[in-house]
Amino acid sequence: MILYNVTINIDLSVHDQWMNWMQTKHINDVLATGKFTSARMVKVLVEEEGSVTYSIQYTTESKEKLERYYQEDAPRLRQEGLALFADKMLAFRTELQVMSEHFPKSALQ
């Protein structure tokens with residue numbers, strides 16, 4: 001399993017507009033490509049003056065599917081964000097491979 005992590009720093013002057021766009025359009029558009037099985041948005045808990053940082057984590061089954069996303073979908077989807085928010089949004093991307101997952105044992109076992 002691969003996590004495609006997009007960390008975005010968004011200026012407070014466009015925060016509400018950006019948040020609405022992310023939660024009602026952009027994340028859904030990325031999922032609609034069929035290359036990802038889920039997405040999670042988290043807020044980075046750091047004090048910043050004039051901006052807020054978020055991490056959007058998309059889960060995909062393979063590096064090949066992620067590469068297809070880069071080739072077939074990413075340019076169009078990234079362009080929309082740039083057109084709407086230009087220099088008010090700074091993004092960087094990280095690819096992560098899930099090595100294992102661990103959960104607490106149930107107290108009933």
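Coordinate-derived values only; no laboratory data. Just so we're clear, the structure is a prediction, and the values are computed from it rather than from any experiment. Glycine also receives a Cβ, built like all others from the backbone with ideal geometry; neighbour counts cover every protein chain displayed.
Brief remarks follow.
- Only Lys, Arg (+1) and Asp, Glu (-1) charged, at Cβ; segment 2-97 dipole about Cα centre in debye: 300 debye
- Taking every lysine pair in segment 2-97 that is 8 or more places apart or spans two chains, those with Cα atoms closer than 22 Å amount to 7.
- DSSP-loop GluC sites (Glu not before Pro) across the chain, with at most 15 other Cβ within 10 angstrom: GLU47, GLU48, GLU49, GLU61, GLU101
- Normalising the Debye intensity of the chain to I(0), with uniform scatterers on Cα atoms only, and taking log10 at q = 0.14 Å⁻¹ returns -0.61.
- Think of the chain as having a plus end and a minus end, set by charges on the Cβ of Lys, Arg, Asp and Glu; of ILE56, GLN79, SER38, SER38 sits farthest toward the positive end of this dipole.
- Per-residue Karplus couplings for segment 14-19, computed as 6.51 cos²θ - 1.76 cosθ + 1.60 with θ equal to phi - 60°, are listed in order as 10, 3, 5, 4, 4, 4 Hz, Gly and Pro entered as x.
- Sorted by Cβ neighbour density within 10 Å, fewest at the top, the residues PHE36, PHE92: PHE92, PHE36
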